[in-house]
Amino acid sequence: MKTNNIKAVSREEGFVNKLKGIVLDNLKNEQFGVEDLSKESGYSRSQLYRKIKLINGKSISKFVRDIRLEEALKLIVKSALSISEIAYEVGFSSPNYFSRCFHEKYNYTPLEVRYMADNEGKNKILQKFIAPKRGQIRKKKVYYLPITKRHYIVWIIFSLIVVFVFTALVKDNSKNQLHKPVLKHAYTFENGVANDVVGDADGIIRGDGEIVNGLFITDEQGEYLELPGKKIRINEYSAITLEAYVIAGKGNGTWTMVSYFGDRQNEIGVNYIYQTLVNNGNSGSTISCLNYKDPWATGSNIYSPSIEDDEFHHIVTTYDNNEMKYYLDGSVVSIRPSLNSDNLIKNLSNKLAYLGKSGFSQDQTWFGAIDTFNIYEGILDEETIRNSAKKYVNRILQDNSVHVPKPVLKHSYTFEDGTTNDVIGNANGIIKGDVEIIDGLFVTNSSGEYLELPGEELKINEYASITLETFILAGKNNNALYTTLAYFGNVRGNNGVDYIGMTAKHNQRSGVVLSCKNYSSRPWLTTIGILSDELIDGKYHHMVITFDNNFLKFYIDGVLEDARINLRKKSNIIANISDKLAYLCYSGYSNPGDQTWFGAIDTFNIYEGVLDAETIANTAKQYLKDSKRKEQLK
């Protein structure tokens with residue numbers, strides 16, 4: 001157990017050091033951010049976020065900023081550069097913003113740290129800030145500077161400011177007491193209906209929206225939830241908090257709203273407050289009142305960076321007539337004062353209230369899934385919001401609430417007897433091309449070599465849930481754009497349709513893709529898919545796909561690479577997978593970019609049901625251990 005822990009720590013340190021090196025290489029570039037780090041590290045933004053969050057609890061942007069600040073600390077202590085020069089040197093465009101961030105991290109201003117280094121010693125200060133002892137509390141030492149007449153004037157001004165701030169804080173405390181949040185309405189969808197589980201403002205599903213496993217899912221135009229605005233009476237609140245737990249969907253064009261409370265006149269929304277997860281690629285929130293011509297021109301707006309499709313998110317908007325705050329996944333995106341005196345809660349309309357729909361007639365409905373939506377009178381504090389977001393992510397990652405049948409092995413191809421027979425069922429395979437079976441391995445190394453399985457006998461589309469498991473030796477010549485290790489589906493023209501496929505190298509990555517009922521020229525646009533890290537060529541690997549119509553999960557070598565919610569329940573389901581074609585090492589696409597897969601398959605198993613994570617991890621561990629021993633004996 002200790003050895004495993006050491007390896008895990010070493011792996012995490014290697015990952016962090018790799019990212020730190022990338023940031024340091026781009027230290028002076030103030031434009032270098034989350035997207036750049038994602039691109040250069042080879043991880044998707046969502047993967048990067050999860051890995052960094054798991055290791056040190058930071059967001060990607062804070063991770064990058066802390067590296068910049070650590071380098072700034074070294075320069076402050078060791079160099080003769082001015083504070084402004086150091087700010088630019090480590091990638092900050094504003095020295096003032098740099099000083100604020102520095103003070104927030106180290107509890108000292110840059111000038112204070114430089115003064116301490118000159119008096120206490122450079123190495124001592126670096127050791128104190130960069131590698132403090134565990135449990136050590138930094139006590140701030142006070143440094144007294146010579147007092148001049150100017151200081152007396154500053155002191156008088158400062159005293160007046162203190163009095164003013166104290167008075168404001170007393171008023172603000174009264175305001176906070178007044179705005180203590182009370183949950184007024186909540187929609188959890190746990191019982192399969194859109195009822196308000198706190199108040200009496202039950203929702204009505206419009207269109208063909210579905211509630212599946214506690215999620216309100218929309219994936220087509222006209223699907224949304226209508227709420228009784230006159231019962232909610234949002235314009236009678238002293239302050240508002242709107243909290244949504246959602247899964248971002250695909251295909252959301254400009255101006256699509258998760259929630260909308262307001263009215264409509266002449267096809268444009270008026271007297272509204274709304275939340276959006278895609279607004280020119282951004283998420284955000286807006287309030288606008290008493291402007292019936294161009295309400296967007298006088299709105300109090302907050303927009304944040306774009307979010308990842310198919311990812312879980314926690315979004316919160318708070319508004320108290322003075323300022324709006326918007327939170328994404330527990331972090332404050334922005335705080336915006338209300339500069340328009342008309343944008344008051346009392347001026348909001350109670351006529352319309354929607355989830356998944358805008359008050360503007362020309363806007364499309366929002367595609368995605370809503371887990372929970374809460375409406376509070378009052379303001380949720382930052383700590384509560386941060387903890388709620390963290391708990392939500394942890395619950396999703398550990399969610400075992402979807403109960404599926406115990407997995408049953410239906411078909412298995414082990415190649416141990418030198419044949420491609422199904423050793424469990426009767427769906428024997430047929431070798432195509434000049435494939436060889438060597439020492440129980442199905443080996444392909446030339447184009448046109450693959451294994452054809454009888455799809456109509458497998459009847460994979462009759463399963464309630466699926467597990468596809470393979471033990472392979474990754475090939476070295478998979479240089480085409482798309483190479484498919486396993487394919488179950490059909491073909492129309494040059495494109496695969498109604499399929500689920502596993503690839504061991506896809507744009508240098510492994511992954512899984514499922515697409516059904518899209519017969520356009522680009523069926524891949526409506527897929528549910530996962531792409532992960534590239535496999536190591538010439539090495540043994542264990543790969544598993546599980547799918548139960550709700551979640552698609554992908555494992556490599558016993559580790560869950562990713563899990564995706566299925567937001568297209570009307571099309572991307574097991575029943576819609578075609579049983580016409582079934583291949584190992586071959587794709588249903590006949591495009592030039594889809595060569596046969598090169599490598600060796602040790603075993604391929606098809607289960608009805610979902611293998612659990614522990615079983616998958618144990619199987620992979622034993623297989624990789626045996627494979628390593630096999631390599632050593634060669």
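Given the peptides 73-79, 560-566, arrange them by the average over their residues of other C-beta atoms within 10 Å, most packed first.
Going from most to least packed, we get 560-566, 73-79.
Return the subset of 410/628; 231/570; 459/621; 51/390; 406/628 for which the Cα-Cα distance in this structure is over 21 Å, preserving the input order.
Table pairs above 21 Å Cα-Cα are 410/628; 231/570; 459/621; 406/628.
Exactly which chymotrypsin sites (Phe, Trp or Tyr not before Pro) in segment 98-127 are in a DSSP loop and have at most 14 other Cβ atoms within 10 Å?
none
Stretch residue 445-residue 550 to full length: gain in nm at 0.36 nm per residue minus the Cα-Cα span?
The residue 445-residue 550 span can extend by a further 34.2 nm.
Based on alpha-carbon centroids, what's the gap between segment 15-55 and segment 328-390 in Å, whole number please?
Value for the Cα centre distance between the two parts: 30 Å.
Convert each backbone phi in segment 189-200 into a coupling constant with the Karplus relation 6.51 cos²θ - 1.76 cosθ + 1.60 (shift: θ = phi - 60°), then list the ³J(HN,Hα) values in order as whole Hz, x for Gly and Pro.
Couplings: 6, 5, 8, x, 10, 9, 6, 7, 7, 10, x, 10 Hz.
Using the Karplus curve 6.51 cos²θ - 1.76 cosθ + 1.60 with θ = phi - 60°, what ³J(HN,Hα) values do you get for each residue of segment 345-350, in whole Hz, with x for Gly and Pro?
Values, residue by residue: 4, 5, 8, 5, 8, 9 Hz.
Going by a ≥ b ≥ c, the root eigenvalues of the Cα gyration tensor, does segment 23-127 fall in the rounded group (a/c under 1.5), the prolate group (a/b larger than b/c) or the oblate group?
Judged from the Cα gyration tensor, segment 23-127 comes out prolate (a/c at least 1.5, a/b above b/c).
Residue by residue through segment 49-54, which ³J(HN,Hα) values in whole Hz follow from phi under the Karplus form 6.51 cos²θ - 1.76 cosθ + 1.60 (θ = phi - 60°), with glycine and proline marked x?
Result, ordered by residue: 4, 5, 5, 5, 4, 5 Hz.
Take each of the peptides 211-224, 183-196, 258-271, average the number of other beta-carbon atoms within 10 Å over its residues, and list them starting from the highest.
Packing order, densest peptide first, comes out as 258-271, 211-224, 183-196.
Which order do you get for 487, 245, 88 if you rank them by accessible area with a 1.4 Å probe, largest at the top?
Result, largest first: 88, 245, 487.
Compute the label zone of residue 621 within segment 535-565: residues whose backbone N is under 16 Å from the point 7 Å along Cα-to-Cβ.
542, 556-560
Compute the label zone of residue 298 within segment 328-348: residues whose backbone N is under 15 Å from the point 7 Å along Cα-to-Cβ.
338-348
The values are calculated or read from the model by the stated rules, or taken from the named source; none is laboratory data. Everything numeric in this text was worked out from a predicted model, so none of it was measured. In this analysis, Cβ positions are derived from the backbone assuming ideal geometry, glycine residues included, and neighbour counts consider all displayed protein chains. Side chains included, ligands, DNA and RNA excluded: accessible areas come from the protein's heavy atoms. Shrake-Rupley method; radii C 1.70, N 1.55, O 1.52, S 1.80 Å.
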